[in-house]
Amino acid sequence: MGLPNKYDAKEAEPRWQKFWEENKIFKFDPDSKKQIYSIDTPPPYASSGHLHVGHALHYTQFELIARYKRMRGFNVYFPPCFDNNGLPTEKYVEEKFKISKAQTTRAEFRKLCTEESAKIEQAYADRFFRALGHSYDWDLLYTTINPEAQKVSQTSFVELVQQGDCYQAEEPTIWCTKHQTALAQAEVEDLKRSTKINHIYFDMEEGSKIEIATTRPEFLPACVGIFVHPADNRYKNLVGKNAIVPLFGSKVPISTDESVDMEFGSGILMVCTFGDNADIDKWKRHKLPVKMIVTNNGKLNEQCGKYAGMSLLEGRKAIIEDLKREGYFLRDEPIEQTVGSCWRCNTPVEFIVTKQWFIKALEYKDALIEQGRKIKWHPEFYRKRFEDWTTNLAWDWCISRQRFYGVPIPAWYCKKCGEVMLPEKEDLPLDPTTVNPKKNCKCGSSEFIPEDDVFDTWMTSSMSPEIAIRWLEKPEQFKKMFPVTLRPQSHDIIRTWAFYTILKSYLHFKAIPWENIAIGTFVLDPKGKGMHKSEGNVVWADELLEKYSVDVLRSWVGTATFGEDLGFQEKELVAGQRFLTKLWNASRFGMMHLEDYSEKPKKLQIMDKWILAKMHKTIKYATTMLDSYKTGSAKREVEQFFWHTLCDNYLELIKDRLYNPDKRGKEARASAQYALYQSILSVLKMMAPVVPHITEEIYQGYFAEKEGKKSIHISYWPAYDENEVDEEAEKAGDIAVDIISTLRRYKSEKNLSLKIPITKLEIHCETALQDTIKLIMDDIKDAAIVEDIQFGTNVDTPCSKFPIELGITLGEIKKKEN
RNA sequence: GGGUCCAUAGUCUAGUGGUUAUGACAACGCCCUUACACGGCGUAGGUCCCCGGUUCGAAUCCGGGUGGACCCACCA
């Protein structure tokens with residue numbers, strides 16, 4: 001019985017992690033009648049590098065919620081998972097084996113990717129999830145490339161095509177010329193850069209000249225229209241006439257468009273297919289012809305005459321030189337611009353007309369916003385970001401990618417009539433490049449061309465709730481659990497992961513995918529700047545774990561609030577370290593005095609009722625906060641109660657009763673023991689989700705046996721009981737603390753030891769308070785070493801919180817005899 | 001250009017209509033009190049960003065600034 005003097009976290013933490021896993025403490029029970037709390041865990045991309053502290057925080061932040069809900073009596077469904085699908089893996093394999101997709105077959109390449117990711121994931125799970133003490137049910141593990149996930153992804157495709165929400169179209173598509181694949185709007189990021197705006201002349205068919213400004217003269221061969229603002233008097237006479245494209249000689253009509261900015265450049269704008277989004281917009285509205293001049297790998301094509309085969313930049317240079325030589329070049333000026341670029345490689349995107357698969361999103365905007373409002377967002381304001389994105393969406397979702405590694409698009413095209421052939425759902429998952437359709441085409445042909453594109457990774461990720469709770473494998477379970485209770489995720493992927501998941505769930509089930517979405521904390525460096533490898537300000541979680549224990553790191557995580565950024569401060573870890581020590585020592589103190597604790601005595605002393613009242617108020621507050629995902633507020637309140645109310649005041653108040661039972665009697669001692677037991681146990685439980693290892697160690701050292709539980713993490717969260725909140729006792733206790741604190745300050749200001757006894761204490765206050773004070777006289781005597789208390793008027797020291805004044809007569813400190 | 005969030009002691013931070021404005025770190029003074037010196041008790045430190053409004057009363061609500069972070073759009 002009793003705890004050792006020091007807590008050895010390095011020894012204890014792995015021991016408990018092993019205990020939890022071996023005893024399946026976090027196992028989901030499919031047969032349980034308890035209410036289910038399910039989590040749509042974000043599948044991390046498992047890397048072999050260091051662990052970013054932001055990543056550790058992000059995953060631990062909602063892990064706390066899982067632990068909390070488990071203690072609240074929920075049957076928690078918490079699957080671990082990995083994202084090993086898509087470009088990151090492909091890129092990793094290309095680099096590791098120094099191969100490219102051109103040098104290998106699709107099947108071989110995919111095999112390499114699968115093998116490599118499995119290896120990395122195993123290591124990652126050990127040094128990340130397990131090391132941080134995460135409470136997943138490992139039997140529920142899934143990865144985004146495993147057959148079941150692929151089946152979900154492909155089934156989604158087949159169903160959406162069948163119901164008309166997924167279609168194939170030949171349209172301008174956002175294109176990465178480096179990866180040679182189509183991209184979705186959400187995969188495009190801003191790239192700020194300096195370039196030159198070139199002012200050039202166009203000849204008019206009739207003979208005059210006009211001036212046009214362009215940053216992309218290489219698009220001259222693709223020029224299909226020229227526009228001026230309808231109110232621009234300078235150019236009224238041009239409208240309806242043709243201009244001649246310099247160097248290329250084609251005739252282009254001049255029209256008006258409201259969107260032209262008269263102030264910019266010369267006020268005359270050319271539209272090329274396709275230099276940017278604005279070109280596409282005008283091309284669509286004015287039904288202009290298409291002149292595609294860019295190849296899939298970013299070169300000028302045969303439409304460009306002598307410039308064919310040049311890269312876009314080479315073409316630009318050559319065309320500018322020729323414009324200069326021919327006298328069409330007026331001048332250039334430097335300009336700052338922001339262009340869209342591929343989120344993976346930063347290559348500026350182009351717009352190329354290709355045949356791609358799209359999922360309808362534009363026509364469901366209103367419905368999606370409606371769905372978003374049915375979900376509880378934590379914090380609420382992030383819903384706005386979702387709504388803004390949805391409102392401003394300009395494209396349907398392009399889901400096809402011209403890559404190797406990824407979920408194959410399950411479709412074939414009839415060689416004869418071109419009709420799309422889909423597989424039967426029960427045959428999924430499949431790779432159309434290795435199997436043929438089981439039926440002939442409607443036209444009778446049995447020859448097919450397989451689709452060899454793969455899905456955008458979000459095609460699978462957007463089905464994560466369905467994959468997590470086994471939509472196709474366990475339809476009964478799915479019915480019971482959908483929508484999932486919680487989606488935790490970061491704010492930067494609201495427009496992708498959250499958006500697509502809500503879209504999919506709407507298209508398939510006309511339902512919301514989850515009841516709650518919690519936006520994780522974003523970690524900043526101590527100066528409040530984002531952590532970036534290139535700036536060298538990244539803090540690595542694995543390095544912190546060498547210096548501090550897991551519980552210390554988690555304690556810091558516990559201070560975070562969902563949706564709010566958090567600056568990393570190492571001193572916060574020191575605070576966590578101290579908290580653990582304090583918790584350990586206070587628990588040690590408790591156990592020292594609880595060896596002979598049996599049960600609740602018939603009558604409780606006033607200060608014991610006081611601490612119980614404070615404790616229940618803390619329980620109520622912490623519970624309310626955690627129920628609304630405010631972990632930081634809950635933790636702060638519990639710590640405040642523990643450190644200041646319980647340790648600094650209550651433990652000091654009851655020492656005399658505990659150590660000297662003869663003085664105030666066995667009943668008084670038993671009463672203190674009861675309140676001590678309850679308050680320490682409550683603190684341990686309320687802190688257990690945050691610091692699971694040390695609380696387990698303490699719990700197992702004493703409370704587990706009393707409560708008959710295998711682990712604190714499946715014990716019951718302390719229950720708030722308003723009958724335990726005795727307002728009268730609470731007030732009396734507060735007065736006692738106020739008086740004791742005033743006496744401490746009195747001694748402290750005189751630079752005296754707190755051990756100096758007070759021989760006589762006179763108290764002056766309203767008669768109404770006197771009865772209350774009589775209740776706590778013995779406690780004041782115990783805690784502040786007061787020999788005699790009486791009511792009187794010879795006073796000069798006011799208390800700080802209550803209208804009470806004190807008269808203090810000090811005695812002499814008794815020297816200890818050695 | 002549009003939007004969201006934020007602004008409180010040297011630093012970080014709590015606090016959504018009435019508190020003597022919370023706590024932590026740092027500073028200073030005292031105290032080795034039998035759980036803990038990784039501790040305890042105190043002290044000092046604030047125009048709650050600025051201006052206006054609502055209100056009996058504003059750090060808190062509203063409007064307008066200023067500064068910062070992020071999201072979206074975007075100039076041919």
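The values are calculated or read from the model by the stated rules, or taken from the named source; none is laboratory data. Remember, it's a predicted structure, so these values are computed and weren't measured experimentally. Here the Cβ is made from the backbone with ideal geometry for all residues, glycine too, and neighbour counts use every protein chain on show. Ligands, DNA and RNA are stripped out before the accessible areas are found, and what is left, the full protein with its side chains, is counted by its heavy atoms. Shrake-Rupley method; radii C 1.70, N 1.55, O 1.52, S 1.80 Å.
Taking the stated definitions as given, is residue A:164 outside any helix (DSSP H, G or I), crowded, with 20+ Cβ neighbours inside 10 Å and at positive phi?
no
With respect to residue A:553, determine if the residue is touching a helix residue (DSSP H, G or I) at 6+ places or on another chain (Cβ under 7 Å), within 25 Å of residue A:128 (Cβ to Cβ) and crowded, with 20+ Cβ neighbours inside 10 Å.
yes
If you scan the stretch A:468-478, which residues turn out to be closer than 16 Å to residue A:154 by Cα and open to solvent by 10 Å² or more (accessible area, probe 1.4 Å)?
A:470, A:471, A:472, A:473
When the residues of the stretch A:479-519 are narrowed to those that are open to solvent by 10 Å² or more (accessible area, probe 1.4 Å) and small (Gly, Ala, Ser), which ends up nearest to RNA strand B (Cβ to nearest atom)?
A:490
Within the stretch A:195-216, which residues are away from RNA strand B (no atom under 13 Å from the Cβ), acidic (Asp, Glu) and in contact (Cβ under 8 Å) with a residue 40 or more places away in the chain?
Within the stretch A:195-216, A:203, A:205 meet the criteria.
Which condition number does residue A:17 fail, the rest of (1) at pLDDT 95 or above; (2) in a helix (DSSP H, G or I); (3) more than 26 Å from the chain's Cα centre (by Cα) being met?
Only one criterion in (1) at pLDDT 95 or above; (2) in a helix (DSSP H, G or I); (3) more than 26 Å from the chain's Cα centre (by Cα) is unmet by residue A:17, namely (3).
Among residues belonging to the stretch A:345-372 that are open to solvent by 70 Å² or more (accessible area, probe 1.4 Å) and away from RNA strand B (no atom under 15 Å from the Cβ), point out the one that is farthest from residue A:297 (Cα to Cα). Step through it out loud before you land on a result.
Going residue by residue through the stretch A:345-372, those that are open to solvent by 70 Å² or more (accessible area, probe 1.4 Å) are A:346, A:355, A:363, A:366, A:370.
Cutting the leftovers down to away from RNA strand B (no atom under 15 Å from the Cβ) gives us A:355, A:363, A:366, A:370.
Details: A:355: 16, A:363: 32, A:366: 37, A:370: 41 Å.
Filtering first and then ranking leaves A:370.
Could you tell me how many of the residues in the stretch A:563-572 are touching a helix residue (DSSP H, G or I) at 6+ places or on another chain (Cβ under 7 Å) and either more than 11 Å from RNA strand B (Cβ to nearest atom) or among the charged types (D, E, K, R) (or both)?
Final tally of qualifying residues: 1.
Of all residues in the stretch A:782-809, how many are open to solvent by 30 Å² or more (accessible area, probe 1.4 Å), within 11 Å of RNA strand B (Cβ to nearest atom) and not aliphatic (A, V, I, L, M)?
The qualifying residues number 5.
Please find, among A:18, A:91, the residue that is more than 16 Å from RNA strand B (Cβ to nearest atom) and free of Cβ contacts under 8 Å to residues at least 60 places away in the same chain. Break it down stepwise before answering.
Values: A:91 fails: free of Cβ contacts under 8 Å to residues at least 60 places away in the same chain.
Result: A:18 is the single residue among A:18, A:91 that is more than 16 Å from RNA strand B (Cβ to nearest atom) and free of Cβ contacts under 8 Å to residues at least 60 places away in the same chain.
Counting only residues that are under 23 Å from residue A:574 (Cβ atoms), give me the helices (runs of 4 or more DSSP H) lying completely in the stretch A:451-553 with at least 2 of them. Outline the logic, then answer.
Details: elements: A:457-461, A:464-468, A:475-481, A:499-509, A:541-547.
Here the list reads A:541-547.
Looking only at the stretch A:520-542, which residues are hydrophobic (A, V, I, L, M, F, W, C), within 16 Å of RNA strand B (Cβ to nearest atom) and touching a residue at least 60 places away in the same chain (Cβ under 8 Å)?
Selection gives A:522, A:523, A:531, A:538, A:539.
Could you list, in sequence order, the residues of the stretch A:573-616 that are among the charged types (D, E, K, R), under 18 Å from residue A:647 (Cα atoms) and within 15 Å of RNA strand B (Cβ to nearest atom)?
A:578, A:582, A:588, A:614
Scan the stretch A:788-807 and report the pairs whose first residue is touching a residue at least 60 places away in the same chain (Cβ under 8 Å) and among the basic types (Lys, Arg) and whose second residue is open to solvent by less than 60 Å² (accessible area, probe 1.4 Å) and within 16 Å of RNA strand B (Cβ to nearest atom), with Cβ atoms within less than 6 Å and a gap of 6+ or a chain change.
Filtered contacts from the stretch A:788-807: A:801/A:738.
For the list (1) crowded, with 16+ Cβ neighbours inside 10 Å; (2) more than 19 Å from residue A:785 (Cβ to Cβ), I need the number of the one condition that residue A:747 fails.
(2)
Consider the stretch A:747-766. How many of its residues are out of contact with any strand residue (DSSP E or B) (no Cβ under 9 Å at 6 or more places or on another chain) and modelled with pLDDT of 85 or more?
Qualifying residue count, the stretch A:747-766: 1.
Tell me the strands (runs of 3 or more DSSP E) entirely within the stretch A:217-300 that contain at least 1 residues that are touching a residue at least 12 places away in the same chain (Cβ under 8 Å), more than 8 Å from RNA strand B (Cβ to nearest atom) and touching a helix residue (DSSP H, G or I) at 6+ places or on another chain (Cβ under 6 Å).
Per the criteria, A:223-228, A:251-256.
Could you tell me which residue of the stretch A:553-598 is farthest from residue A:698 (Cα to Cα), considering only residues that are over 30 Å from the mean Cα position of the chain (by Cα) and of a type in the set (Phe, Trp, Tyr)?
Here the residue is A:597.
So which residues in the stretch A:402-416 are open to solvent by 10 Å² or more (accessible area, probe 1.4 Å) and either within 11 Å of residue A:431 (Cα to Cα) or touching a helix residue (DSSP H, G or I) at 6+ places or on another chain (Cβ under 8 Å) (or both), if there are any at all?
A:403, A:404
Please state which one of A:340, A:315 is open to solvent by 20 Å² or more (accessible area, probe 1.4 Å), small (Gly, Ala, Ser) and either within 13 Å of RNA strand B (Cβ to nearest atom) or at pLDDT 85 or above (or both).
The match here is A:340.
Assigned to a helix (DSSP H, G or I) and either aromatic (Phe, Trp, Tyr) or under 43 Å from the mean Cα position of the chain (by Cα) (or both): does that describe residue A:366?
In short, yes.
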